[in-house]
Amino acid sequence: MTETPRPPLVISVQSQVVHGHVGNSAALFPMQAAGLEVAAIPTVIFSNTPDYPTLRGAPVTPSLFADLLLGADERGLPQRATYLLSGYIGSVEVARQLGDFVTRCKKANPDLIYICDPVMGDHAPGLYVPEEIAGVMQDGLLPLADIATPNSFELGHLTGCPIRTLEDLQQAAAGLRLAPNAQLIATGCALADTPAHYLESVILGPEGISRHPTPHIPVALPGTGDLFTGLVVAGLGRNHPLPEAVDMAQAMTGRALDHARSIGAREVILFEPGFRRALLEI
């Protein structure tokens, strides 16, 4: 009897909330529904996002985070994983521990693909993590990344280069200190020549530049970037080339945002039937 091969394993290190969809609470379900196995490690555990009147929970302590990483090591997850994904980090100590973990994982498994989403801020709220965490992202995590997915605000903040043109993007990519073969996906870009009422994701890497415009949905919801990156990983895990994975992720993120807008939700919505069906077809 032929043994069924196991699906790709993703180690996903991100925030977790009880109510709403950000971090792993946004990315976990799409990756699993697309047929990937996911080991979710929290960096913070909150009741909800900070834009509500109250916020309960706390960042995961460094000792607990280290224990969870040790458990992942003991179960052999780094050796089995195809992807390691990281997002929002709640403390400098945890950010540094994550950098050590990524280094260990890549040493144990040279084929592992590390996707770093440097979740730090956006144009409207600005920077919402301490500068020291941003520094660890810049100096410790992004140089290890095989794929990095900053939004245009984060990319500008990390490099000191405001993103207005394709040339600005190229200059910022050169200043990000990524590995030579790494791929940069700059998301949420409104460049000088971007079509009206559109935003773009732009991929810059060893094979050149590709631009991926998508209709701008005029709503800003927490977790949008986390959902997008989770969907990109889902596409890669289903053997789609990176440009196709980005196009799919943009289309499905836009669908989720449009549905949330249509029902007046203040959270990303993942239960719309068409969205769920599309996940099974990735």
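The values are calculated or read from the model by the stated rules, or taken from the named source; none is laboratory data. Because the structure is predicted, anything quoted here is derived from the model rather than measured. For neighbour counting, all protein chains shown are included, and Cβ atoms are generated from backbone atoms with ideal geometry for every residue, glycine included. Note: areas computed on protein heavy atoms with side chains; ligands, DNA, RNA excluded. Shrake-Rupley method; radii C 1.70, N 1.55, O 1.52, S 1.80 Å.
Observations, loosely collected:
- Residues in the range 113-131 that are farther than 18 Å from Gly205 by Cβ, surrounded by fewer than 22 Cβ atoms within 10 Å (Cβ to Cβ) and not aromatic (Phe, Trp, Tyr): Gly121, Asp122, His123, Ala124, Pro125, Gly126, Leu127, Val129, Pro130, Glu131.
- So Pro78, is it crowded, with 19+ Cβ neighbours inside 10 Å, of a type outside the set (Gly, Ala, Ser) and in contact with a Cys (Cβ under 6 Å, 6 or more places away or on another chain): yes
- Filter pass, Ala220 being open to solvent by 60 Å² or more (accessible area, probe 1.4 Å), closer than 28 Å to Ala145 by Cβ, part of a loop (DSSP other than H, G, I, E, B) and in contact with a strand residue (DSSP E or B) (Cβ under 9 Å, 6 or more places away or on another chain): yes
- Residue pairs whose Cβ atoms lie under 8 Å apart, sitting 6 or more positions apart in sequence or on different chains, and linking a residue in the range 27-49 that is in contact (Cβ under 8 Å) with a residue 60 or more places away in the chain and within 14 Å of Ser15 (Cα to Cα) to a partner that is in a strand (DSSP E or B) and among the β-branched types (Val, Ile, Thr), are Leu28/Val38; Thr49/Val17.
- Considering (1) within 24 Å of Leu280 (Cα to Cα); (2) in contact with an Asp or Glu (Cβ under 6 Å, 6 or more places away or on another chain), the lone condition that Gly223 does not fulfil carries the number (2).
- Meeting the requirement of 2 or more residues that are within 23 Å of Leu141 (Cα to Cα), among the polar types (S, T, N, Q) and more than 17 Å from the chain's Cα centre (by Cα), no helices (runs of 4 or more DSSP H) wholly within the range 1-80 can be named.
- Subset tally (residues that are surrounded by 24 or more Cβ atoms within 10 Å (Cβ to Cβ) and aliphatic (A, V, I, L, M)) for the range 18-33: 4
- Verdict on Ala260 being within 20 Å of Pro50 (Cα to Cα) and either open to solvent by 20 Å² or more (accessible area, probe 1.4 Å) or out of contact with any helix residue (DSSP H, G or I) (no Cβ under 8 Å at 6 or more places or on another chain) (or both): yes
- Checked against (1) of a type in the set (Ser, Thr, Tyr); (2) under 24 Å from Gly156 (Cα atoms); (3) part of a helix (DSSP H, G or I), Thr103 passes all but condition (2).
- Selected residue [on the phi > 0 side of the Ramachandran plot and under 17 Å from the mean Cα position of the chain (by Cα)] from Gly254, Gly223, Gly230, Gly237: Gly223
- The set of residues in the range 81-96 that are crowded, with 19+ Cβ neighbours inside 10 Å and either among the hydrophobic types (A, V, I, L, M, F, W, C) or assigned to a helix (DSSP H, G or I) (or both) comprises Ala81, Leu84, Leu85, Ile89, Val94, Ala95.
- Residue match in the range 232-249 (condition: under 27 Å from Arg211 (Cβ atoms), hydrophobic (A, V, I, L, M, F, W, C) and open to solvent by 60 Å² or more (accessible area, probe 1.4 Å)): no
- Selection status of Pro273, modelled with pLDDT under 95 and within 16 Å of the chain's Cα centre (by Cα): no
- Exactly one residue among Ala108, Ala145, Ala134, Ala173 is out of contact with any Ser or Thr (no Cβ under 6 Å at 6 or more places or on another chain), modelled with pLDDT of 95 or more and crowded, with 16+ Cβ neighbours inside 10 Å, and that residue is Ala145.
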